[in-house]
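Accompanying notes for the structure given below.
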Amino acid sequence: MHVNKNWFVKVVGFVGLGVASGAALAETPVSMWVHSGPGPEREVYAAAVKSFNDSQKDIKLELVALPEGSYSDQINAAALARKLPCILDFDGPNVYNYAWTKKIIPLDDFAELKPIKADLLPSLLRQGTFNKKLYSVGQYDSGLAIWGNKKLLTKAGIRIPAKVSEAWTFAEFEDALKKLKAAGVAYPLDMKFNYGFGEWFTYGFSPIVQSFGGDLINRNGFKTAQGAINGPEAVRAMTTLQNWTKNGYVNASTHDDGDFVKGTAALSYVGHWTYSDYKKALGNDLVLIPMPKFGKKAVTGAGSWNFGITADCKDPRAAAKVIGHLMSSAQILQLTDVNGAIPGTMTALKASKNYAAGGPLAIYAEQATEHVSLVRPETPAYPAITSAFAEAVKNIVAGSDVKKELDKAAKKIDQNIEDNNGYPVK
Amino acid sequence: MHKALKTSEPYRIMTSNPALTSGASAPSIPSSAKRKGRLTPWFFAAPGLTLLLLFLVLPFLLALVLSFTDQRLVTNEEIGTHFVGLRNYIRLFDDDSFWAALRNNFFFVVIVTPIQSALALLLALLVNQKLAGARIFRTIYFMPVATTMAVVAVVWSLLYAPDQGVINRLVGVLSFGMVGPQDWLRNPTLVMPAVMLLSIWQGVGFQMLVFLAGLQSIPLDLYEAAKLDGATARQQFLYVTLPMLKNTTIFVLITTTIYAFQLFTQVQIIANSGTPAPVDSFRTMVMLMVQEGFSNGKIGYASAISVVFFLIVLAISLVQRLLLKEERAV
């Protein structure tokens, strides 16, 4: 192929036409949207695109990074105009809605992706599957737990759990917050309220609801949220969260991403993506603490951003090749080394230093394998669920009545399900 | 009424709309020409009317129809769109967010329209003085209007920052430390006043300009006559300036009311800046419409909101027209 093209160019040159654009003519353009995450992640994507474009001459991959805040609105607008890019990066739980509205196509039939499907982490395979077909693959799964500042915790005399089985109980956790506050830590627990209204509220805070024994929707058939999102367990969970802000354990109005780094917080409730920044700032004082058992069991979030091929894509096979490249172990590890996420394939996970037993991030992998992590509701109603829940969280931390807000969320979700005839699947 | 306008003034705005006079026909014209004469205004109006029909009337009729359906923005085409009768309206009137949005809108309009109009008149009187630098101040007061609202809102949300924000320090200094720092955008009772303040600051320059044009169209001989009669400056203002500004004032009041009802950009940006106050304490009708229609994809429901909103604004404009009769002497 390569030789052929050189030969073609030479012939063109010899004939003297002077049109030397032969190489560019044969390239298939493939567009790709990604959400613009933290700086280092963006650089890795740019490097991945460059390495892909340099590695072959048939496909030209064009990357567009869009701000995360309005990312799903942008996708809706583009879907409406039938101008979606070929490859779409989107947050995991949206896959069911995108598949149901036929924005994206199944990936099972692409030869390039078959070995990847077999190698995918079970959690990602489950996340990407809708109606028995695989619609998306992710380079990584997320990890959600609590980062601790060892120096501040030790000073306040708090036990630091080192593995999932040693996780704090609810009483121990609140006791730790109290002790830290008494020891002069301004706001002991950083819950990343500076991220603002958005998916973080659902991803981050729904595990608390689930640990207390509630959920966002009744997962039996996904037909109603009544009794789940506004059940007594969920109300208790969200009242607890509200109390943390009222008691000054959590600063719900922080605009500062660096509360934990600066030591104004001793615990940071956040996902894997802060790892490299925190490591740089705290060095050996950084400890990863497993999710506490607020109720009977500990629960953490799962699922993360992943790739799909859209229905508007003119050349899905070229898109599949690109995804194949992005899902190679080398590419996955380059990304997870900077963002700290759980590598998305078994092969890459085994090759990762951070996730080896005793590695700094092993607790994330342990949470995933010991069934602490729970995927977000696998239903096309997810966008409605997350916007209703996130709005409730926002209002609750701002001081609104917990039960009233959750009732409102339940009603909104049920209306959405009714609006869509219960999301029938053929 | 425009004869006293000084043509050298850089800012001049027509304050009264020339009334559309339909083809006045003289009695001696033959009937075919008369018919042609009747048609002529329609030809002139055709481009404008076509655009109005296409971009205002038609979309509104569409919204009216859609408000009785379960139309979604992006959906699985297999389930289709159905007429759902009054379901959207029933849900709307049952929705706390709708009533909260309506309340916020009215609160905003009732406070902002009079204050902004009065302030605009005051500024117009100030910059209408024949003093050195009046033009510079005119430009300064107008500058916020020329600034994009999105930028204004972002800058003000920084000014409103809790603890050490500029506004908090200002309040602290002005109250001699009696009033502590407030969390303006997170406190449910303070967020609307905060939005009002920034909106008035941004918008007042425009109304000032309209009033300025009105002031400059007042014939100077009226003031001279008043002076001869021994009227004080205050009497001149009350009995010459204010009555002569009647049409301008009506225009300003009605447009400000309508602009105020359309409140969106500021609150939308505040809603997206970190964690603001509970959304129902500042969400407006337009914002609710955009969120339900675009973010949540409920086109039918959002259409119902827009229909109700249209009827409310229409009713208020009609009442205003009845109460404030414009003098049409052109």
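FYI, it's all coordinate maths here, none of it is from the lab. Nothing here was measured: the structure is a model prediction, and the numbers come from that model. Cβ coordinates were reconstructed from backbone atoms using ideal geometry, including for glycine residues, and neighbour counts include every protein chain displayed.
Could you please tell me which pairs satisfy a Cβ distance under 7 Å, a separation of 6+ or placement on different chains, a first residue in the range A:238-258 that is more than 12 Å from chain B (Cβ to nearest Cβ), and a second residue that is among the charged types (D, E, K, R) and part of a helix (DSSP H, G or I)?
Matching pairs, first to second residue: A:GLY248/A:LYS181; A:TYR249/A:LYS181.
Can you tell me which residue is surrounded by the fewest Cβ atoms within 10 Å (Cβ to Cβ) among those in the range B:172-230 that are hydroxyl-bearing (Ser, Thr, Tyr) and closer than 30 Å to B:VAL240 by Cα?
B:TYR223
Say whether the condition of being among the hydroxyl-bearing types (Ser, Thr, Tyr) and over 18 Å from A:TYR364 (Cα atoms) is met by at least one residue in the range A:115-123.
no
Can you pull out the residues in the range B:132-161 that are outside any helix (DSSP H, G or I) and surrounded by 16 or more Cβ atoms within 10 Å (Cβ to Cβ)?
Selection gives B:TYR160, B:ALA161.
Show the residue pairs that are 6+ apart or on different chains and have beta-carbon atoms under 8 Å apart, the first residue being within the range A:371-398 and more than 18 Å from A:GLY231 (Cα to Cα) and away from every other protein chain (no Cβ under 11 Å), the second being buried (at least 24 other Cβ atoms within 10 Å of the Cβ) and among the basic types (Lys, Arg).
A:TYR382/A:ARG376
Hey, can you tell me all the residues within the range A:57-79 that are in contact (Cβ under 8 Å) with a residue 24 or more places away in the chain and either among the acidic types (Asp, Glu) or away from chain B (no Cβ under 12 Å) (or both)?
Correct list: A:LYS57, A:ASP58, A:ILE59, A:LYS60, A:LEU61, A:GLU62, A:LEU63, A:VAL64, A:ALA65, A:LEU66, A:GLU68.
In the range A:35-70, what count of residues is obtained for those that are in a helix (DSSP H, G or I) and touching a Gly at 6+ places or on another chain (Cβ under 8 Å)?
0
Hey, can you tell me all the residues within the range A:399-410 that are of a type outside the set (Ser, Thr, Tyr), surrounded by fewer than 24 Cβ atoms within 10 Å (Cβ to Cβ) and facing chain B (nearest Cβ under 9 Å)?
Hits for the range A:399-410 are A:GLY399, A:LYS404, A:LYS408.
Could you tell me which numbered condition B:LEU263 fails, if it satisfies all but one of (1) surrounded by 21 or more Cβ atoms within 10 Å (Cβ to Cβ); (2) more than 14 Å from chain A (Cβ to nearest Cβ); (3) part of a helix (DSSP H, G or I)?
The single condition B:LEU263 does not satisfy is (3).
If you take the residues in the range B:266-294 that are over 23 Å from A:MET191 (Cα atoms) and in a loop (DSSP other than H, G, I, E, B), which one is farthest from the other protein chains (Cβ to nearest Cβ)?
Within the range B:266-294, the match that is farthest from the other protein chains (Cβ to nearest Cβ) is B:THR284.
Does any residue of the range B:239-249 turn out to be more than 25 Å from the chain's Cα centre (by Cα) and in a helix (DSSP H, G or I)?
yes
With the structure loaded, tell me whether B:GLY297 is free of Cβ contacts under 8 Å to residues at least 24 places away in the same chain and not in a helix (DSSP H, G or I) or whether it fails that test.
So B:GLY297 fails the test.
I'm trying to understand the selection: among the residues of the range B:83-107, which are away from chain A (no Cβ under 14 Å) and buried (at least 22 other Cβ atoms within 10 Å of the Cβ)?
Selection gives B:ASN104, B:ASN105.
State all residues of the range A:71-116 that are touching a Gly at 6+ places or on another chain (Cβ under 9 Å) and charged (D, E, K, R); if no residue qualifies, say none.
Correct list: A:ASP89, A:ASP91, A:LYS103, A:GLU112.
Just the residues that are touching a residue at least 40 places away in the same chain (Cβ under 8 Å), out of contact with any helix residue (DSSP H, G or I) (no Cβ under 6 Å at 6 or more places or on another chain) and not acidic (Asp, Glu), please, taken from the range A:80-94.
A:ARG82, A:LYS83, A:PRO85, A:LEU88, A:PHE90, A:ASN94
Residue by residue through the range A:251-275, note down the ones that are under 23 Å from the mean Cα position of the chain (by Cα) and among the aliphatic types (A, V, I, L, M).
The answer is A:ALA252, A:VAL261, A:LEU267, A:VAL270.
So, restricting to strands (runs of 3 or more DSSP E) that lie completely within the range A:254-339, which ones have at least 3 residues that are of a type in the set (A, V, I, L, M, F, W, C) and crowded, with 18+ Cβ neighbours inside 10 Å?
It comes to A:286-289, A:305-310.
So which of B:GLN164, B:GLN202 is in a helix (DSSP H, G or I) and either closer than 30 Å to A:HIS255 by Cα or within 15 Å of the chain's Cα centre (by Cα) (or both)?
B:GLN202
Just to be sure I understand, how many residues within the range A:209-238 are touching a Phe, Trp or Tyr at 6+ places or on another chain (Cβ under 7 Å) and surrounded by fewer than 23 Cβ atoms within 10 Å (Cβ to Cβ)?
Summing the residues that are touching a Phe, Trp or Tyr at 6+ places or on another chain (Cβ under 7 Å) and surrounded by fewer than 23 Cβ atoms within 10 Å (Cβ to Cβ) in the range A:209-238 gives 2.
Specify the residue that is nearest to A:LEU326 (Cα to Cα); the eligible residues are those in the range A:80-102 that are within 13 Å of chain B (Cβ to nearest Cβ) and touching an Asp or Glu at 6+ places or on another chain (Cβ under 8 Å).
A:LEU84
What about B:GLY300, is it surrounded by 16 or more Cβ atoms within 10 Å (Cβ to Cβ), in contact with a strand residue (DSSP E or B) (Cβ under 8 Å, 6 or more places away or on another chain) and within 14 Å of another protein chain (Cβ to nearest Cβ)?
Against the criterion (surrounded by 16 or more Cβ atoms within 10 Å (Cβ to Cβ), in contact with a strand residue (DSSP E or B) (Cβ under 8 Å, 6 or more places away or on another chain) and within 14 Å of another protein chain (Cβ to nearest Cβ)), B:GLY300 qualifies.
Looking at the range A:81-92, is at least one residue closer than 28 Å to A:ILE413 by Cβ, buried (at least 23 other Cβ atoms within 10 Å of the Cβ) and small (Gly, Ala, Ser)?
Scanning the range A:81-92 turns up at least one residue that is closer than 28 Å to A:ILE413 by Cβ, buried (at least 23 other Cβ atoms within 10 Å of the Cβ) and small (Gly, Ala, Ser).
Just give me the residues in the range A:180-201 being touching a helix residue (DSSP H, G or I) at 6+ places or on another chain (Cβ under 9 Å) and more than 14 Å from chain B (Cβ to nearest Cβ), in sequence order.
A:LEU180, A:ALA183, A:VAL185, A:PRO188, A:LEU189 - these are the residues of the range A:180-201 that are touching a helix residue (DSSP H, G or I) at 6+ places or on another chain (Cβ under 9 Å) and more than 14 Å from chain B (Cβ to nearest Cβ).
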